[in-house]
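> Attaching a single structure in structure tokens format; questions to follow.
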Ligand SMILES: Nc1ncnc2c1ncn2[C@@H]1O[C@H](COP(=O)(O)OP(=O)(O)OP(=O)(O)O)[C@@H](O)[C@H]1O
Ligand SMILES: [Mg+2]
Ligand SMILES: [Zn+2]
């Protein structure tokens with residue numbers, strides 16, 4: 001007897017359908033699995049056999065052959081247990097006349113027959129829905145997350161026994177409800193703690209308002225790290241589709257709490273991180289920090305300490321807002337729409353310019369680390385100088401700044417949602433033409449900056465996006481002289497004076 005059941009495998013941060021066919025026929029007892037790599041076959045067979053026997057089912061003493069298709073998809077991990085078990089049950093006549101064609105199952109089994117959760121539940125459920133499955137069975141721990149993908153019924157069950165009851169219609173179960181986010185937002189440190197630093201605070205606010213990349217340059221103890229850590233507290237919460245993307249990625253990476261994300265991620269990897277740790281990779285491609293920071297912030301503190309390779313690896317993802325990894329015939333795309341925030345000292349000794357003891361060559365070597373094509377992808381470069389002890393007034397509270405940022409973002413959402421975008425930083429050339437129109441006089445000022453070599457072509461578009469955000473913070477549709485001036489002043493080429 002032949003049976004077939006659908007399950008789903010994670011690839012990148014997406015999920016692909018895998019069909020498990022099981023054939024049970026008379027012959028010497030054996031259990032052959034094709035389509036799974038070496039050791040996982042052995043383990044899956046043992047778990048399925050023990051789980052079925054320990055749950056009071058029959059494990060047929062016949063020739064069992066299971067095939068996992070398609071063959072080209074590397075199937076790693078224990079998430080195929082459940083489909084194998086259901087296939088064996090159906091092919092040995094233990095599921096009566098259950099029509100399995102609309103069901104999908106996904107989960108690991110324990111030897112005693114309990115269902116164990118697997119990573120990537122919401123990605124699995126979304127794919128199941130897209131492929132037309134109306135019912136999905138997962139471990140109860142996965143159910144709330146899987147149910148976030150609306151449009152199909154998700155059932156969370158604890159044991160293979162209950163799963164069979166559900167399939168046979170003997171057990172009545174309500175479909176799982178989507179796991180709402182944790183109600184209390186995390187308490188981020190407050191901008192109120194920062195004395196003085198009006199310019200840096202302004203730069204942080206603009207970056208937050210439009211989702212722009214930001215580089216802070218200044219001597220040790222100036223407050224760069226302190227400022228960056230206060231960014232999450234002024235960012236608006238993610239929109240629903242953004243929250244789903246965040247949840248999906250974090251779930252695949254095993255760092256989700258199984259609920260809908262209510263916060264944007266803030267990732268601050270140590271500077272010893274490898275290039276593949278930063279942008280993703282590995283034999284079985286895993287998302288890197290820039291993908292884990294998707295829809296949030298990637299903070300590179302002490303930028304100059306990161307290896308040159310790591311920084312270079314970020315260039316393409318920063319441009320494309322995604323990472324592409326090629327493995328054999330297939331290419332896997334990881335989303336990477338994160339705000340980059342970086343901080344660095346101006347030179348190795350890190351003292352203020354009047355006390356600096358570094359010679360010119362040392363300084364150059366240090367700054368060359370911040371390879372200029374990389375810095376060209378930064379929208380805002382700002383100098384953070386030391387405030388004297390006890391100097392400077394305490395600033396506004398994060399709540400007040402966050403309200404302004406939220407207003408500016410609301411304008412962007414209204415303007416850009418038709419294009420599927422959320423913030424100004426995401427605008428491509430076509431969006432810029434439509435949404436960041438400059439009066440002729442301003443446009444020629446910008447063109448002059450490019451012609452004179454002060455601004456690269458990429459820089460031109462970045463200035464436009466930034467000017468759009470500065471106008472949005474004023475609630476103004478028209479971009480004026482002041483907006484353009486301020487946007488130009490944040491360009492890296494002009495900030496060379498800071499580095500000098
Ligand atoms: N503007 C400020 N207002 C209040 N406290 C400040 C300010 N700047 C610095 N500090 C204090 O100094 C400490 C060090 O600041 P921070 O770590 O942010 O400096 P940094 O610029 O990141 O230095 P480094 O280059 O050494 O990393 C902060 O924890 C804070 O206590
Ligand atoms: Mg620091
Ligand atoms: Zn120095």
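Quick note: the coordinates plus some simple rules give every number you see, no bench work behind them. Note that the structure is predicted; figures quoted are calculated from it, not measured. Every residue, glycine as well, gets a Cβ built from its backbone with ideal geometry; the counts of neighbours run over all protein chains shown.
> Show me the three semi-axes of the equivalent ellipsoid for region 1-87, from the C-alpha gyration tensor (sqrt of 5 times each eigenvalue), largest first, rounded to whole Å. Numbers along the way, then the final one.
Details: eigenvalues 98, 36, 27 Å².
Over the Cα atoms of region 1-87, the ellipsoid semi-axes are 22, 13, 12 Å.
> Hey, what D do you get for the chain in µm²/s if you plug the Kirkwood alpha-carbon radius into Stokes-Einstein at 25 °C and 0.890 mPa s? Can you show the working numbers first?
Working: Rh = 25.3 Å.
Taking Rh from Cα pairs, D becomes 97 µm²/s.
> If we sort 17-30, 77-90, 415-428 on the protection proxy, mean other Cβ atoms within 10 Å, highest first, what's the order? Each step should come with its number before you reach the end.
Details: 17-30: 15.7, 77-90: 26.2, 415-428: 17.4.
By packing density, highest mean first, the sequence is 77-90, 415-428, 17-30.
> With just the Cα atoms defining each centre, how far is region 415-468 from region 13-83? Give it in Å.
First find each Cα centre; the distance between them is then 55 Å.
> Kindly list the residues of region 189-225 that lie in the label zone of residue 271, defined by a backbone N under 19 Å from the point 7 Å along the Cα-to-C-beta vector.
214-225
> Also, quick follow-up: Mind listing P(r) for region 2-168? All alpha-carbon pairs, 10 Å bins, whole percents.
Percent of Cα pairs in each bin: 11, 45, 37, 7, 0.
> Additional query: Quickly rank 144-155, 48-59 as a protection proxy: mean count of other C-beta atoms within 10 Å, highest first.
On the way: 144-155: 21.9, 48-59: 18.3.
Taking the mean over residues of other Cβ atoms within 10 Å, the ranking is 144-155, 48-59.
> Let me ask you something else. No solvent, one uniform scatterer per C-alpha: report log10 I(q)/I(0) for region 219-378 via the Debye equation at q = 0.21 1/Å, two decimals.
Debye curve over Cα of region 219-378, log10 I(q)/I(0) at q = 0.21 Å⁻¹: -1.38.
> Write down the Kirkwood hydrodynamic radius of region 67-142, to one decimal in angstroms, obtained as one divided by the mean of 1/r over all alpha carbon pairs. It would help to have the intermediate numbers written out before the result.
Details: mean 1/r = 0.0751 Å⁻¹.
For region 67-142, the Kirkwood estimate is 13.3 Å.
> What do you get for the angle between helix 38-54 and the principal long axis of the chain? Use alpha-carbon atoms, 0 to 90 degrees, nearest ten.
That helix lies at roughly 50 degrees to the long axis.
> Using only C-alpha atoms and all pairs of different ones, pull out the Kirkwood radius for region 232-289 in Å with one decimal. Provide the component values of the computation, followed by the final result.
Details: mean 1/r = 0.0791 Å⁻¹.
Here the Kirkwood hydrodynamic radius works out to 12.6 Å.
> With runs of 4+ DSSP H residues as the only contributors, calculate the mean residue ellipticity of the chain at 222 nm using -39,500 (n - 2.57) per run, divided by the residue total and rounded to the nearest 500.
Values: 20 runs with 187 residues, N = 500.
It comes out at -10500 deg cm²/dmol, rounded to the nearest 500.
> Sort 251-262, 330-341, 3-14 for me by packing, meaning the mean count of neighbouring Cβ atoms within 10 Å per residue, highest on top. Spell out each step's value before the answer.
On the way: 251-262: 18.5, 330-341: 20.9, 3-14: 22.9.
Top of the packing list down: 3-14, 330-341, 251-262.
> Antiparallel DSSP bridges in the chain: what percent, to the nearest 5?
Working: 28 of 56 bridges.
Close to 50 percent.
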